[in-house]
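Chemist: Quick one: the structure is below, questions incoming.
The values are calculated or read from the model by the stated rules, or taken from the named source; none is laboratory data. Small disclaimer: the values here were computed from a predicted structure and weren't measured. All Cβ positions, even for glycine, are placed from backbone atoms using ideal geometry, and neighbour counts span all protein chains on display. Protein only, heavy atoms only, side chains kept; ligands, DNA and RNA dropped before computing areas. Shrake-Rupley method; radii C 1.70, N 1.55, O 1.52, S 1.80 Å.
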Amino acid sequence: DAGITQSPRHKVTETGTPVTLRCHQTENHRYMYWYRQDPGHGLRLIHYSYGVKDTDKGEVSDGYSVSRSKTEDFLLTLESATSSQTSVYFCASRFGRDGYTFGSGTRLTVV
Amino acid sequence: AQRVTQPEKLLSVFKGAPVELKCNYSYSGSPELFWYVQYSRQRLQLLLRHISRESIKGFTADLNKGETSFHLKKPFAQEEDSAMYYCALDGGSQGNLIFGKGTKLSVKP
């Protein structure tokens, strides 16, 4: 199922440059989330959204910002990429109290 | 504090052997718990949730409130079960799941 897609799938960027990752869902889910996945840390919540223009910080939000101007799109921006932000980023959406639907991930390398 | 603990980073078993992936949680209310599976370089997929009490791909998990555990079990492991498994707790006020650090299951032939 392609109810939630992420772009790009892979990206290499230089330290200090801004980067935006996109998450697009066609499920009309109200809740959307950005996580990063790192070995030994599992998935850690970066930011989440509970509606259009309603967003809040997760446990590892420093250096990241988000925007949600439409129900279907949730953007994650690294304002000035650092090597510590090299990671795999997953977007997820949720309807009510069901489990998450995850995107395929974006593998970001900051050099 | 709400927390999910998966004590094993790696679990290696032989094909046909029973497997148990441990998950313990810390939560003051009535928990909702999930297991997710991630096959190599793929998206995470919902495996099961305790409320539905389903058995997916032969896996089951029982919520034990006394021991605050939600261990994932399968009586006979298959090679295709090799994957990363995450236990998650629905503990966030805005519907966010809290994930454990994951257990990598390796099933050897």
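Chemist: Answer yes if at least one residue in segment A:52-64 is in contact (Cβ under 8 Å) with a residue 40 or more places away in the chain, open to solvent by 30 Å² or more (accessible area, probe 1.4 Å) and part of a strand (DSSP E or B), and no otherwise.
Modeler: Taking every residue of segment A:52-64 in turn, none turns out to be in contact (Cβ under 8 Å) with a residue 40 or more places away in the chain, open to solvent by 30 Å² or more (accessible area, probe 1.4 Å) and part of a strand (DSSP E or B).
Chemist: What number of residues within segment B:84-109 satisfy the criterion of being more than 14 Å from chain A (Cβ to nearest Cβ) and under 16 Å from B:Gln6 (Cβ atoms)?
Modeler: Number of matching residues: 2.
Chemist: Looking only at segment B:9-48, count every residue that is at positive phi and within 12 Å of another protein chain (Cβ to nearest Cβ) and tell me the total.
Modeler: Going through segment B:9-48 one residue at a time, the tally reaches 1.
Chemist: One residue is enough: does segment A:26-42 have a residue meeting the conditions in contact with an Asp or Glu (Cβ under 6 Å, 6 or more places away or on another chain), modelled with pLDDT of 95 or more, under 21 Å from B:Met84 (Cα atoms) and hydroxyl-bearing (Ser, Thr, Tyr)?
Modeler: No: zero hits.
Chemist: Quick one: would you say A:Thr77 is within 12 Å of another protein chain (Cβ to nearest Cβ), under 13 Å from the mean Cα position of the chain (by Cα) and either more than 26 Å from B:Cys87 (Cβ to Cβ) or in a helix (DSSP H, G or I) (or both)?
Modeler: no
Chemist: When you scan segment B:50-65, how many residues do you find that are within 12 Å of another protein chain (Cβ to nearest Cβ) and under 17 Å from B:Gly29 (Cα atoms)?
Modeler: 2
Chemist: Sticking with this one: Condition check: part of a strand (DSSP E or B), more than 14 Å from chain B (Cβ to nearest Cβ) and hydrophobic (A, V, I, L, M, F, W, C). Does A:Leu45 satisfy that?
Modeler: Considered against the rule, which asks whether it is part of a strand (DSSP E or B), more than 14 Å from chain B (Cβ to nearest Cβ) and hydrophobic (A, V, I, L, M, F, W, C), A:Leu45 comes out as no.
Chemist: Sticking with this one: Is it true that some residue in segment A:84-99 is among the charged types (D, E, K, R), under 23 Å from B:Cys87 (Cα atoms), within 10 Å of chain B (Cβ to nearest Cβ) and in contact with a Lys or Arg (Cβ under 7 Å, 6 or more places away or on another chain)?
Modeler: no
Chemist: I've got another one for you. Of the residues A:Ile46, A:Ile4, which is in contact (Cβ under 8 Å) with a residue 60 or more places away in the chain and open to solvent by less than 10 Å² (accessible area, probe 1.4 Å)?
Modeler: Testing whether each residue is in contact (Cβ under 8 Å) with a residue 60 or more places away in the chain and open to solvent by less than 10 Å² (accessible area, probe 1.4 Å) leaves just A:Ile4.
Chemist: If you don't mind, there's one more thing I want to ask. What about B:Val37, is it β-branched (Val, Ile, Thr) and either closer than 20 Å to A:His41 by Cα or out of contact with any helix residue (DSSP H, G or I) (no Cβ under 7 Å at 6 or more places or on another chain) (or both)?
Modeler: So B:Val37 fits the description; yes.
Chemist: For segment A:68-77, check the following and say yes or no: at least one residue is of a type in the set (Val, Ile, Thr) and open to solvent by 40 Å² or more (accessible area, probe 1.4 Å).
Modeler: yes
Chemist: Sticking with this one: Give me the pairs, please: first residue somewhere in segment A:82-111 and without any contact (Cβ under 8 Å) to a residue 60 or more places away in the chain and under 21 Å from A:Asp62 (Cβ atoms), second residue anywhere and assigned to a loop (DSSP other than H, G, I, E, B) and β-branched (Val, Ile, Thr), beta-carbon distance under 9 Å, and either six or more positions apart or on two chains.
Modeler: Note: pairs meeting the criteria are A:Thr86/A:Val111.
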